[in-house]
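Okay, here's the structure, questions in a sec.
The values are calculated or read from the model by the stated rules, or taken from the named source; none is laboratory data. Everything quoted here is computed from the prediction, not taken from an experiment. Positions of Cβ are backbone-derived with ideal geometry, glycine not excepted, and every protein chain shown enters the neighbour counts. The area values use the complete protein model at the heavy-atom level, side chains included, leaving out ligands, DNA and RNA. Shrake-Rupley method; radii C 1.70, N 1.55, O 1.52, S 1.80 Å.
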Amino acid sequence: MSGLTVEVSGLARHLAIGDRIILAGRLGHEIAAEVVGFHGDTARTMTFGPPEGLGPGGLAHAPLPIAGAPRGPALAVADSWVGRIVDPFGRPLDGRGHLASGPSPRPVHAPPPPATRRARLGSRLDLGVRVLNLFTTCRRGQRLGLFAGSGVGKSSLLAMLARHTACDVAVLALVGERGREVREFVEDDLGPEGLARAVVVAATSDMPPLARREAAYGAMTIAEHFRDQGKAVLLLMDSVTRFCLALREIGLAAGEPPATRGFPPSVFAELPRLLERAGPGPENLGKPAGSITALFTVLVEGDDHHEPVADAVRGLLDGHVLLDRRIAEGGRYPAVNVLHSLSRAVPGCNSDEENALARRARAVLALHADMADMVRLGAYRAGSDPAVDEAITVVPRLDAMLAQRRDERISLGDSFAALAAALDGSSP
């Protein structure tokens, strides 16, 4: 044993990367472990629980494979999981008793659908959040990233999306979340209405890195179960950063060299394998393809939006939403920085009139941002530039219009009506 790894001899020729084995402790208990590497004839494993009680000479055994069952971890997802809170291995966490199993287990580490057989992005999706509906309009099957530092309102925005988005099922992955916040998020932020159509997968920060990694893959597997039924699924993952931190712990323990800011190369190879599984499902003999519309949060360290994980995720997704600490400190929530947020699907899903409204609003906000310091210092005189005068008048109305309470739902149509009214100074 060394650090997080346990070396096992005698089974290496019968194992492969990702296989699960059982380690017997000296107190008579058993601990599940996963093979993460090999060194000669020795298998290098990591445990799914505390390694206390393991020592030299302990026994290990690998369960025999079952014919027809997927090799490696699998989840037997059932429709009755909606409304429940589960751990990364499909065990209930909500104290509501037995969790039914589906007829056929699904492999947790499955490949994404083939690129040439995937359906196209669907119609635009009403997220119920005005600022996102207006400036990062989303289509069914699209993947967006929510980038923010700590304490800027990511969890509150995720709860709004889980309650208000027009979807059939919501799947929430709480990866590496603080233990006390899981219940607070479910009861206060998500609420009974949101939980009634959601499946929550939780792995707290005290759990081993393998369990935190499995929370992300488990949530994706559950989302794929409902997608394959032709449903519109909303997947919310908080956060991809903690998923990558778990991968870093696993990679370094397995002997990989640290590369970019301590992240081994496998982290950036693993990211697209997870993120690419979200999106439109495969076309199936003319039947409507289901979709996974996914929003992944990225916890940027020190508000550095160019750190390695943020850069890698931004390049893989179909758009990004940036939450700005200065906007949050000013009291406007959701604290979305409109000028630094975009959706790559906007031109194909909004009308020409709606696109013109959004472009006009962005231009006004950009001009106001450029002139803000001069206005504060008194270096600008009213009447010098009509466009600047308009921006000074319009931006306070835009800020007031973009603010939204957590329990308030704003439809797409109402969002654009309110934007037009704020730009023209009329009542919506």
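What label, among (i) 19; (ii) 6; (iii) 24, belongs to percent of Cα pairs over 43 Å apart computed from the structure on display?
Read-out from the structure maps to (i).
Quick one: if the Förster radius is 41 Å, what FRET efficiency do Leu316 and Arg178 give, using the C-beta to C-beta distance and rounding to 0.05?
So, using R0 = 41 Å, E works out to roughly 0.95.
Stretch Ser80-Met1 to full length: gain in nm at 0.36 nm per residue minus the Cα-Cα span?
Between Ser80 and Met1, full extension yields an extra 24.4 nm.
Which length gain, in nm to one decimal place, applies between Glu408 and Ala369 when the Cα-Cα distance is subtracted from 0.36 nm times their residue separation? The partial results should precede the final answer.
Working: separation 39, 0.36 × 39 = 14.04 nm, distance 2.81 nm.
Full extension of this stretch gives 11.2 nm more.
So what does Leu64 come to for accessible area, using a 1.4 Å probe and Å² rounded to 10?
For Leu64, solvent-accessible area is about 150 Å².
Follow-up question, since we're still on this one. Along the charge dipole of the range 329-428, Cβ charges K/R +1 and D/E -1, which of Ser341, Ser351, Ala422 sits furthest on the positive end?
Ser341
On to the next question. Rounded, prolate or oblate: which fits the range 1-118, taking a ≥ b ≥ c as square roots of the Cα gyration tensor eigenvalues, rounded meaning a/c under 1.5, else prolate when a/b beats b/c?
Here the range 1-118 falls in the oblate category.
Under a 1.4 Å probe, what is the accessible area of the range 20-95 per residue, stated in Å²?
54
Just need the relative contact order of the range 233-391 here, percent rounded to a whole number, with Cα pairs under 8 Å and 6+ apart.
Averaging sequence separation for qualifying contacts and normalising by length gives 17 percent for the range 233-391.
Then there's this: Just the number, please: carbon plus sulfur as a percent of the accessible area of the range 383-428, 1.4 Å probe, no ligands or DNA/RNA counted. Please report the intermediate quantities before stating the final value.
Working: 1200 of 2310 Å².
Roughly 52 percent of what the probe reaches on the range 383-428 is carbon or sulfur.
Which value in deg cm²/dmol, rounded to the nearest 500, describes the helix-derived mean residue ellipticity at 222 nm for the chain, given -39,500 (n - 2.57) per DSSP H run of n ≥ 4 and division by the residue count?
It lands at -10500 deg cm²/dmol.
Which value, in debye to the nearest 20, describes the size of the charge dipole of the chain about its Cα centre when Lys and Arg Cβ atoms bear +1, Asp and Glu Cβ atoms bear -1, and nothing else is charged?
Working: 47 positive and 49 negative charges, 172 e Å.
The calculation lands at about 820 debye.
Let me ask you something else. From the square roots a ≥ b ≥ c of the eigenvalues of the alpha-carbon gyration tensor of the range 244-395, which class results: rounded (a/c under 1.5), prolate (a/b over b/c), or oblate?
In terms of gyration-tensor shape, oblate.
Counting only heavy atoms of protein chains, what accessible area per residue, in Å², does the range 104-226 have with a probe of 1.4 Å?
Here the per-residue accessible area is 32 Å².
How much of the accessible area of the range 15-163, in percent, comes from carbon and sulfur atoms when a 1.4 Å probe is used?
Carbon and sulfur atoms account for 56 percent of the accessible area of the range 15-163.
Which order do Lys154, Lys231, Lys287 take by accessible area at a 1.4 Å probe, largest first?
Lys287, Lys231, Lys154
Taking the Cα-to-Cβ direction at Leu377 and at Ser150 and moving 7 Å from each Cα, how far apart do the two end points lie in nm?
3.6
Among Thr116, Ala382, Val36, flag the residue with its Cα farthest along the positive direction of the charge dipole of the chain, charges on Cβ as +1 for Lys/Arg and -1 for Asp/Glu.
Thr116
Put +1 on the Cβ of each Lys and Arg and -1 on the Cβ of each Asp and Glu in the range 1-83; which of Thr45, Leu11, Gly25 then has its Cα farthest toward the positive end of the dipole?
Farthest towards the positive pole: Leu11.
Right, here's the next one. If contacts are Cα pairs under 8 angstrom and at least 6 residues apart, what is the relative contact order of the chain in percent? If you can, show how the numbers build up before the last one.
Numbers: 846 pairs, mean separation 75.1, N = 428.
With pairs under 8 Å counted, the relative contact order is 18 percent.
Under 18 Å from the 7 Å Cα→Cβ point of Glu329, by amide nitrogen: which residues of the range 142-160?
Taking a point 7 Å out along Cα→Cβ of Glu329, the residues of the range 142-160 whose backbone N falls under 18 Å are 148-154.
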